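First comes the structure, then the notes that go with it.
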Amino acid sequence: MTPYQIALLALVAESETAAIALWAEQLDDAEFTALLAASVARHNARAAALAEVAFAAEATVALRTPVPVLGLPVVDDTARLHKAATTLLDTARASEVPEQIVGRLGRAEPLNTAARTYSDAVRESTLTEGWVRGMDADPCQLCRWWWREGRVWPKQHPMPTHVGCACVPRPVWAKSIRQTRYTQRLERNSA
């Protein structure tokens, strides 16, 4: 695992703990959903910033020249998170393990945000040509299959993830990376 993945997992654990702590306070519905959405949004913003800085750091080391953070646009997903927190409330109440349900939102959201942001940085950078899947310390069967024995993917090809996935795209700086059907279609449609 990379230092970025270690820092990301620490951030994710903090987000999960904060979500579970809100559940334990037994707040009224409106207060709980508002605070949970705000907490997850804050951790998502930190995950996005961490992903951008990690990409710039990895590029700086690989290219041996300072690479600035790209400054990708921030996605305001507060309304979506509020809806997710509202939906989660009924499910958690009906469950024997509500803490796990609430914690899953706190855990999955920053992971997803970081993966999306890092993938966007790889795709938007003029320095990269592609990526390989950087798996977490204990990859699941699906992640190992997606890894494809370390296949190098073109940078326009999206990295698939699943809920709870801590894998990251590792930038590749080489030229002449073979296109996939997906990237060929993108190129054909943009012409």
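For the range 24-32, the count of residues that are outside any helix (DSSP H, G or I) and surrounded by 13 or more Cβ atoms within 10 Å (Cβ to Cβ) is at least one.
In the range 14-23, which residue that is within 14 Å of PRO110 (Cβ to Cβ) and hydrophobic (A, V, I, L, M, F, W, C) is surrounded by the most Cβ atoms within 10 Å (Cβ to Cβ)? Among those that are within 14 Å of PRO110 (Cβ to Cβ) and hydrophobic (A, V, I, L, M, F, W, C), it is ALA19. Cβ-Cβ distances below 9 Å connect the following pairs, each with a first residue in the range 133-147 that is closer than 17 Å to THR2 by Cα, a second residue that is part of a strand (DSSP E or B) and aromatic (Phe, Trp, Tyr), and a separation of six or more residues or different chains: ARG133/TRP153.
Out of ALA121, ALA166, one residue alone is among the small types (Gly, Ala, Ser), touching an Asp or Glu at 6+ places or on another chain (Cβ under 7 Å) and in a helix (DSSP H, G or I). It is ALA121. Residues that are crowded, with 17+ Cβ neighbours inside 10 Å and touching a residue at least 24 places away in the same chain (Cβ under 8 Å) were ranked within the range 93-103; the one that is farthest from the chain's Cα centre (by Cα) is PRO98.
Throughout, read-outs are computed from the coordinates displayed, never taken from laboratory work. All values derive from a computational prediction rather than experimental measurement. Note: ideal-geometry Cβ built from the backbone for every residue, glycine included; neighbour counts use all protein chains shown.
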